[in-house]
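Quick notes on the structure that follows.
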Amino acid sequence: MTEIVKGADWVLTEERGPGVPEGIYGAECMTCEARSPLFDDDPLPIAVWSIHHTQDEPGHTLFLARTERHWRVVARPDPPAPPPANGGGGVAGPVFVGLMCLLTALAGLLPGLQLAN
């Protein structure tokens with residue numbers, strides 16, 4: 001199953017399995033309302049249909065070709081992890097980063113202080 005989009009509780013996937021075509025192909029003339037039949041797994045018949053339509057109706061040379069696929073929405077197999085109890089870290093994260101920056105700066109000053117003594 002190929003995942004297309006994940007949501008909070010749902011996943012949109014391509015439907016695969018026995019009898020499910022990779023694609024369903026069709027075309028329609030942009031000059032009139034003529035439409036080709038739909039064909040599973042093979043775009044060649046709509047190309048042939050388009051050429052025959054133009055032969056029968058000169059000037060009808062623009063077509064809209066479509067490819068359709070089956071999709072299915074299923075429940076998400078692995079629910080998202082719950083948020084941390086403190087709402088995302090609170091001040092602990094920024095305080096830790098600040099202390100690490102301060103210690104790094106002090107470590108750079110220590111060699112200079114030892115030379116002065």
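Before moving on, here are some points about what is shown:
- Scanning segment 32-58 for residues that are touching a Ser or Thr at 6+ places or on another chain (Cβ under 8 Å) and either touching a residue at least 40 places away in the same chain (Cβ under 8 Å) or open to solvent by 60 Å² or more (accessible area, probe 1.4 Å) (or both) yields a total of 2.
- Qualifying residue in segment 8-27 (condition: modelled with pLDDT under 90 and among the polar types (S, T, N, Q)): yes
- Test: residue in segment 59-81 that is of a type in the set (S, T, Y), modelled with pLDDT of 95 or more and open to solvent by 90 Å² or more (accessible area, probe 1.4 Å): yes
The values are calculated or read from the model by the stated rules, or taken from the named source; none is laboratory data. Being a predicted model, the structure only gives us computed values, none of them experimental. Every residue, glycine as well, gets a Cβ built from its backbone with ideal geometry; the counts of neighbours run over all protein chains shown. The accessibility values were calculated without ligands, DNA or RNA, using every heavy atom of the protein model including side chains. Shrake-Rupley method; radii C 1.70, N 1.55, O 1.52, S 1.80 Å.
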